[in-house]
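Participant: Once you've had a glance at the structure underneath, I'll fire off some questions.
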Amino acid sequence: MHRFFIFCCFLQVSSSYVIFNGTVRAQIINLHNTFRSNLAFGKQVWIGKSKNYPNASRMFWLKWDDALATSAGKRAASKVIQNNEGKLTAAIPAGVGENHYGVEFASVGTNLPPTSMFQKAWQDWNSYWMIFGLPSLTYTPSTDPINDHDKESSYQLFTGNTYAVGCAYQIVTPNLGGYVVVCHYRNKGLNANTPVYVVGTTCSQCPAATSTCNAVKGLCVMN
């Protein structure tokens, strides 16, 4: 969900993005992989379907990638606010997926700590599947990406072939609580009219030449 409370017609955000590090980076990896592990084992409830999402036979463990974090930071730093709308103007690298979340002016009027910024972004990206459930495991590209932001964000989290993530943030309005969080993913994993992950016995289709199965987590780990 985007929250825009704009008092000017155009604002260019400064370019000093920050890559998440330390405990926040560990939190990012843990949240993603805990979700993916539960999904791989068929433990995630499929809202509206009276069942759980099916087990994943090939769901990768996400590792941190500095190059993705840098590209995410460049996207965050490209944010402009124009005509009461926030936009990220830098291009997303080819083959890379993205989730983003932004607040221009927060009611508290102060900058949140990085861990809280990411927690709010994570809640936003998970909101669609937790409230409505995915319409289908087969991905259909949106014709209205702005209004379908929450659904697109949830689909990105379900992609089985994604194996790396990097995230960064940008302070948008210093001392007014505004910020944007961006995460980049490789592979993007969202292909039109294609299931977002392979259904089957947990961890049974990890590519032997490039990965191994972590049986405890139910995830394929890239070598």
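Participant: Which lysines does Lys188 reach when only Cα atoms under 19 Å apart count, and residues fewer than 8 places away in its own chain are ignored?
Facilitator: Leaving aside lysines fewer than 8 places away in the same chain, those within reach of Lys188 are Lys63, Lys74, Lys151.
Participant: (i) 40, 21, 18; (ii) 26, 20, 19; (iii) 31, 19, 15: which one is semi-axes √(5λ) of the Cα gyration tensor in Å as calculated from this entry?
Facilitator: Recomputing semi-axes √(5λ) of the Cα gyration tensor in Å here gives the entry labelled (iii).
Participant: Let me ask something additional. Report the one residue of Gln156, Ile92, Pro141 whose Cα lies farthest in the direction of the positive end of the charge dipole of the chain (charges on C-beta: Lys and Arg +1, Asp and Glu -1; origin at the Cα centre).
Facilitator: Positive-most Cα among the choices belongs to Gln156.
Participant: 222 nm [θ] for the chain, helices only, -39500 (n - 2.57) per DSSP H run of 4+, per residue, to 500? Working shown, then result.
Facilitator: Numbers: 4 runs with 58 residues, N = 223.
Computed ellipticity for the chain at 222 nm equals -8500 deg cm²/dmol.
Participant: Which of Trp129, Ser116, Val198 sits closest to the plus end of the dipole of region 110-217, meaning its Cα is farthest towards the positive end, when Lys and Arg get +1 and Asp and Glu get -1 on the C-beta?
Facilitator: About the Cα centre, the residue reaching furthest to the positive side is Val198.
Participant: With both partners inside the chain, how many of the DSSP beta bridges are antiparallel, as a percent to the nearest 5? If you can, show how the numbers build up before the last one.
Facilitator: Details: 35 of 39 bridges.
Of all bridge pairs located within the chain, approximately 90 percent are antiparallel.
Participant: Here's something else I'd like to know. Compute the relative contact order of region 10-222 as a whole-number percentage, counting only Cα pairs closer than 8 Å that sit 6 or more residues apart in sequence. Mind dumping the intermediate values first?
Facilitator: Values: 462 pairs, mean separation 68.5, N = 213.
It rounds to 32 percent for region 10-222.
Participant: Please report, in debye to the nearest 20, how large the charge dipole of the chain is about its Cα centre when each Lys and Arg carries +1 at its beta carbon and each Asp and Glu carries -1 there.
Facilitator: Numbers: 17 positive and 10 negative charges, 104 e Å.
Using only the charged Cβ atoms, the result is roughly 500 debye.
Participant: Going through the cross-link list Lys51/Lys79; Lys49/Lys79; Lys79/Lys217; Lys49/Lys217; Lys43/Lys87; Lys43/Lys79, which pairs have a Cα-Cα distance over 28 Å in this structure?
Facilitator: Listed pairs above 28 Å: Lys51/Lys79; Lys49/Lys79; Lys79/Lys217; Lys43/Lys87; Lys43/Lys79.
Participant: Oh, and also: Are there trypsin sites (Lys or Arg not before Pro) in region 164-223 that DSSP marks as loop and that have at most 11 other Cβ atoms within 10 Å, and which are they? Display every interim value, and only then the final one.
Facilitator: Numbers: sites: Arg186, Lys188, Lys217; in loops: Lys188, Lys217.
For trypsin sites (Lys or Arg not before Pro) across region 164-223 that sit outside H, G, I, E and B with at most 11 neighbouring Cβ atoms in 10 Å, the list is empty.
Participant: While we're on this one: What angle, in degrees between 0 and 90 and rounded to the nearest 10, separates the Cα long axis of helix 114-131 from the longest principal axis of the Cα atoms of the chain?
Facilitator: It is inclined by approximately 60 degrees.
No value in this document is a laboratory result; all are computed from the given coordinates. Being a predicted model, the structure only gives us computed values, none of them experimental. Heads up, the Cβs are rebuilt from the backbone with ideal geometry, glycines too, and the neighbour counts pull from every protein chain shown.
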